[in-house]
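None of the figures in this text is laboratory data; all of them are computed from the coordinates on show. This structure is a prediction, so every number in the text was calculated from the model and none was measured. All Cβ positions, glycine included, derive from the backbone under ideal geometry; neighbour counts span all protein chains shown.
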């Protein structure tokens, strides 16, 4: 094998496209594979089919280098690659909290029948613990090369909006391996990062499978903890923002993910903690993670509590009330609307008779496609025109920087619900706004 192994990336969604592009920029020959011909054509043409800051520029750099190609031919991938990264999605199964492994099974089984020489298949998708053992057996059974094909696990830790940074300068790498050879291949595949002294944890397959879901469960717990404290603050007159600040100075706790508000969403945290609970129950250790059910429940309650706050600002009824909903993406710097709290709130408001106008800087097209029954405005001004309540639901910088006096001239009533604690209450109240936020007194 050459000093730099040739890499394939199976699946060119958010994770796969980012990984393929960045690995090519790091100097590797990379072939990205997907069954979606339109997605492959877009990437080959230099167009990223989702919003991620900095990634379009990286794609152009990778394509111009000649080291990155895209194809729909998995047989070509088998012939080309020394290391194959599995980067397909594991969504929540329909009618079940379990992870749907259809795409993982499909891509591994399809690849396996074309593997005729020694190579390494590396899982990056988030899967239930125990999946790697099953996939290893699948590879050995279906591959012409048999046990010459090995499996490793290298979980991803991408944050939407920071995916390029998290790939090029990760805070750690986790290598789940079963042999020294597999470890040596991963070290070759990530040599530039190892040379930059990125910390590495070398472990077994089950531990590597658990790392991502354990990390997400911890983060979800921290977010739900401060939101549970917000519920207590609302009933006592305490201020959750000042409570969070006080806690953050304790180095054992820290301030990250200790921000009260509408709660978490997206394609990872909600479905990962549910799948973790389900898998733990299958293994007979469900009680060990039973607290995650309440973590999920607290998070879901924040959406209804935000609706309650908007209703209160509207005088007790939402019937016929015009609401300006600022935000649709589950977080800023993303167009991802999967399990987006903002859109859940918008739909709950509509269900109570409100006239809701939604605006988001990047997620409008995805939101409109998923929820065509909502009303969408092309700008903040048009969303806010004549509004009785403004609800800030995604903390884009564009919304943080809004001039309350300018906005006050557009709305019918200067009433705002800050669902993300993104605004300065004093500034808005000085501009004669009735400012409310979860966990803060009126």
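Tell me the Rg and the Dmax, in Å, that the Cα atoms of segment 216-437 produce.
Over segment 216-437's Cα set, Rg and Dmax evaluate to 17.7, 59 Å.
Measure out, as a whole number of angstrom, how far apart the alpha-carbon centroids of segment 215-236 and segment 71-91 sit.
40
Need the C-alpha centroid separation for segment 330-351 versus segment 265-286, integer Å.
Measuring centre to centre over Cα atoms gives 22 Å.
For segment 312-394, count the residues as N, evaluate 2.2 N^0.38 Å, and divide the Cα radius of gyration by that value, please.
Working: Rg = 11.6 Å, N = 83, 2.2 N^0.38 = 11.8 Å.
Here the answer is 0.99, to two decimals.
Take every Cα pair under 8 Å in segment 216-437 that's 6+ residues apart, average their separations, divide by the length, and report that relative contact order as a whole percent.
Details: 394 pairs, mean separation 40.0, N = 222.
Relative contact order for segment 216-437 comes out at 18 percent.
Work out how much length residue 248 to residue 232 would gain on full extension: take 0.36 nm times their residue separation and subtract the Cα-Cα distance, in nm to one decimal.
Working: separation 16, 0.36 × 16 = 5.76 nm, distance 1.81 nm.
Difference between extended and current length: 3.9 nm.
Using only the Cα atoms of segment 7-203, what semi-axes does the equivalent ellipsoid have when each is the square root of 5 times a gyration tensor eigenvalue? Give whole Å, largest first. If you can, show how the numbers build up before the last one.
On the way: eigenvalues 110, 75, 65 Å².
Square roots of five times the eigenvalues give 23, 19, 18 Å.
Suppose we take every Cα in segment 349-407 and form the convex hull; what volume per residue is that in Å³? Each step should come with its number before you reach the end.
Numbers: hull volume 5.2 nm³, N = 59.
Per-residue hull volume (Cα only) is 88 Å³.
What would the Debye equation give as log₁₀ I(q)/I(0) for segment 368-438 at q = 0.26 Å⁻¹, counting only Cα atoms as equal point scatterers?
-1.31
How long are the semi-axes of the ellipsoid equivalent to segment 74-178, from square roots of 5 times the Cα gyration tensor eigenvalues, in whole Å, largest first? If you can, show how the numbers build up before the last one.
Working: eigenvalues 110, 67, 32 Å².
Semi-axes, largest first: 23, 18, 13 Å.
Taking the Cα of residue 300, stepping 7 Å toward and past its beta carbon, and measuring to each backbone N in segment 99-124: which are under 17 Å?
99
Which whole-number percentage describes the relative contact order of segment 7-203, with Cα contacts under 8 Å and a sequence gap of 6 or more?
Working: 364 pairs, mean separation 37.0, N = 197.
Relative contact order of segment 7-203: 19 percent.
Counting pairwise Cα distances across segment 160-226, what percent come out greater than 14 angstrom?
Working: 1480 of 2211 pairs.
Every Cα pair in segment 160-226 considered, those over 14 Å come to 67 percent.
Sort 280-288, 397-405 for me by packing, meaning the mean count of neighbouring Cβ atoms within 10 Å per residue, highest on top. It would help to have the intermediate numbers written out before the result.
On the way: 280-288: 12.8, 397-405: 14.6.
The packing order, highest mean first, is 397-405, 280-288.
Quick check on the chain: take the gyration tensor over C-alpha atoms, sort the square-rooted eigenvalues as a ≥ b ≥ c, and tell me if it's rounded (a/c under 1.5), prolate or oblate. Please list the in-between numbers first.
On the way: a/c = 2.23, a/b = 1.81, b/c = 1.23.
Prolate is the answer for the chain, as a/c is 1.5 or above and a/b outweighs b/c.
For residue 162 and residue 365, compute 0.36 nm times the residue count separating them, minus their Cα-Cα distance, and round to one decimal in nm.
70.9 nm
Return the Rg/Rh value of segment 213-337, two decimal places, where both radii are evaluated on C-alpha atoms and Rh is the Kirkwood radius. Please list the in-between numbers first.
Numbers: Rg = 16.5 Å, Rh = 16.2 Å.
Ratio of gyration radius to Kirkwood radius: 1.01.
Computed FRET efficiency, Cβ-Cβ of residue 179 and residue 214, R0 35 Å: what is it to the nearest 0.05?
Numbers: r = 24 Å, r/R0 = 0.69.
Working from the Cβ atoms, E equals 0.90.
Grab the DSSP H runs of the chain that are 4 residues or longer, score each as -39,500 (n - 2.57), total them, divide by all residues and round the 222 nm result to the nearest 500 deg cm²/dmol.
On the way: 19 runs with 198 residues, N = 442.
So the helix-based figure for the chain works out to -13500 deg cm²/dmol.
Among bridges DSSP assigns within the chain, what percent are antiparallel (round to 5)?
5
Taking the Cα-to-Cβ direction at residue 187 and at residue 379 and moving 7 Å from each Cα, how far apart do the two end points lie in nm?
Output for this residue pair reads 5.9 nm.
Just the projected area, averaged over all directions, of the convex hull on the alpha carbon atoms of segment 292-334: how many nm²? Don't skip to the answer; put the middle values down first.
Working: hull surface 16.9 nm².
One quarter of the hull surface, i.e. the mean projection, equals 4.2 nm².
In nm, what is the difference between 0.36 nm times the number of residues separating residue 317 and residue 145 and their Cα-Cα distance? Numbers along the way, then the final one.
Values: separation 172, 0.36 × 172 = 61.92 nm, distance 6.72 nm.
Residue separation times 0.36 nm, minus the Cα-Cα distance, leaves 55.2 nm.
Percent of alpha carbon pairs in segment 130-253 separated by more than 17 Å? Don't skip to the answer; put the middle values down first.
Numbers: 5316 of 7626 pairs.
Taking all Cα-Cα pairs of segment 130-253, the fraction more than 17 Å apart is 70 percent.
Based on alpha-carbon centroids, what's the gap between segment 1-23 and segment 137-157 in Å, whole number please?
Spelled out, the Cα-based centre of one part sits 17 Å from the other.
When the chain is treated as a GNM, springs tying every alpha-carbon pair under 10 Å, which of 303, 118, 369 comes out with the largest mean-square fluctuation?
Maximum among the listed residues: 369.
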